[in-house]
Amino acid sequence: MTKTMAPLVRIERIDDERVAAVVLDAGRGNVIGKQVIAELSAALAELARDGDLRAVLIDHAGSDFSFGASVEEHAPKDVAGMLEALHALAADLVSFPAPTLACVRGRCLGGGLEIASLCDLVFAARDAKFAQPELSLGVFAPIGSLVLPRLLGAQHATEFLLSGRTMGAAEAHDLGLVFALTEDPTAAACIWIAEHLESKSASSLRHGVQALRGPWAGSFLEELAKLESQYLYELMATHDACEGIQAFLEKRAPRWANR
């Protein structure tokens with residue numbers, strides 16, 4: 001008898017189906033592997049066909065939004081497929097025909113932060129924590145490198161990305177990464193939608209988000225393709241990128257060769 005795997009991502013309809021939540025439910029830390037990415041992309045594609053949709057929440061089960069992309073899938077033999085799929089998901093979010101709101105509790109790290117930062121608004125719990133720690137593993141964050149300077153400003157984004165440090169929710173709110181701090185991000189996002197979006201035309205909202213994203217979306221996708229190429233064909237050809245990933249998997253300190 002074949003055992004059917006439980007879905008890692010599910011769609012929940014809210015408020016007479018005019019709002020939907022795409023819920024990460026991939027176990028501890030909601031690690032973003034290729035299967036999670038595939039299910040996220042499929043959920044967004046399904047919802048994109050709903051012309052009555054006013055908004056979508058990117059939400060999560062468990063205490064943490066996401067620990068980030070699967071480090072195992074950053075290994076040289078797997079990284080191309082993983083990165084291409086993640087960047088295709090980024091394109092899906094940028095082009096999604098309705099407002100997207102991320103609901104963040106707990107840790108929001110690496111690829112998880114990249115997904116949240118691509119949403120139009122981020123609602124976060126007061127104890128949420130954000131980090132883009134890729135450089136500590138000898139790699140870099142292509143999406144974060146493009147999106148965070150727009151949200152945080154150039155110098156704050158530079159410091160955050162190069163240091164790999166963890167940022168608390170209050171600082172993330174002050175710098176513009178987080179739109180609202182709240183005890184319950186999901187409830188707060190739903191209240192905001194009810195107050196500000198549900199009375200509006202779904203068709204006009206589609207045009208509105210397209211207009212808002214238009215000034216940066218095209219250049220973002222062009223630059224992301226360049227960074228993907230740099231990552232796969234230049235960065236992953238270095239000793240230290242492979243060493244950083246291997247050291248993480250072996251739970252030891254990396255031995256950098258600076259090449």
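Each value in this text was obtained by applying a stated rule to the coordinates, not by laboratory testing. Being a predicted model, the structure only gives us computed values, none of them experimental. Don't worry about glycine lacking a Cβ; one is built from the backbone with ideal geometry, like all the others, and counts go over all protein chains shown.
Of the candidates 257, 253, 211, the single residue that is more than 27 Å from residue 67 (Cβ to Cβ), among the small types (Gly, Ala, Ser) and outside any helix (DSSP H, G or I) is 257.
Do the conditions hold for residue 140, that is, is it among the aromatic types (Phe, Trp, Tyr) and closer than 18 Å to residue 223 by Cβ? I'd like the intermediate steps shown before the answer.
Working: among the aromatic types (Phe, Trp, Tyr): yes; closer than 18 Å to residue 223 by Cβ: yes.
The answer is yes for residue 140.
Mind listing whichever residues of segment 157-178 are surrounded by fewer than 19 Cβ atoms within 10 Å (Cβ to Cβ) and of a type outside the set (Val, Ile, Thr)? 159, 162, 163, 164, 165, 168, 170, 171, 173, 174, 175, 176 - these are the residues of segment 157-178 that are surrounded by fewer than 19 Cβ atoms within 10 Å (Cβ to Cβ) and of a type outside the set (Val, Ile, Thr). Is it the case that segment 87-105 has a residue that's hydroxyl-bearing (Ser, Thr, Tyr), surrounded by fewer than 24 Cβ atoms within 10 Å (Cβ to Cβ) and touching a Gly at 6+ places or on another chain (Cβ under 7 Å)? Among the residues of segment 87-105, not one is hydroxyl-bearing (Ser, Thr, Tyr), surrounded by fewer than 24 Cβ atoms within 10 Å (Cβ to Cβ) and touching a Gly at 6+ places or on another chain (Cβ under 7 Å), which makes the answer no. Of all the listed residues (147, 209), the sole one being surrounded by 17 or more Cβ atoms within 10 Å (Cβ to Cβ), of a type in the set (Val, Ile, Thr) and over 26 Å from residue 62 (Cβ atoms) is 209. Scanning segment 184-227 for residues that are of a type in the set (Val, Ile, Thr) and more than 27 Å from residue 144 (Cβ to Cβ) gives a single hit, 191. So which of 162, 177 ends up being over 17 Å from residue 98 (Cα atoms) and not in a loop (DSSP other than H, G, I, E, B)? After ruling out the rest, the residue left standing is 162. For segment 134-144, the set of residues classified as crowded, with 18+ Cβ neighbours inside 10 Å and either among the charged types (D, E, K, R) or not in a helix (DSSP H, G or I) (or both) consists of 134, 138, 139, 141, listed by residue number. Whether a residue is of a type outside the set (Phe, Trp, Tyr), part of a helix (DSSP H, G or I) and over 16 Å from the mean Cα position of the chain (by Cα) was assessed, and residue 219 passes this test.
Taken together, the residues in segment 93-133 that are out of contact with any Ser or Thr (no Cβ under 9 Å at 6 or more places or on another chain) and assigned to a helix (DSSP H, G or I) amount to 3.
Residue 127 meets each of the listed conditions (1) in contact with a strand residue (DSSP E or B) (Cβ under 9 Å, 6 or more places away or on another chain); (2) buried (at least 18 other Cβ atoms within 10 Å of the Cβ) apart from (2).
Condition check ((1) touching a residue at least 60 places away in the same chain (Cβ under 8 Å); (2) out of contact with any strand residue (DSSP E or B) (no Cβ under 7 Å at 6 or more places or on another chain)) across all residues:
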{"residue": "103", "(1), (2)": "yes, no"}
{"residue": "114", "(1), (2)": "no, yes"}
{"residue": "121", "(1), (2)": "yes, no"}
{"residue": "142", "(1), (2)": "yes, yes"}
{"residue": "164", "(1), (2)": "no, no"}
{"residue": "167", "(1), (2)": "no, no"}
{"residue": "173", "(1), (2)": "no, no"}
{"residue": "178", "(1), (2)": "yes, no"}
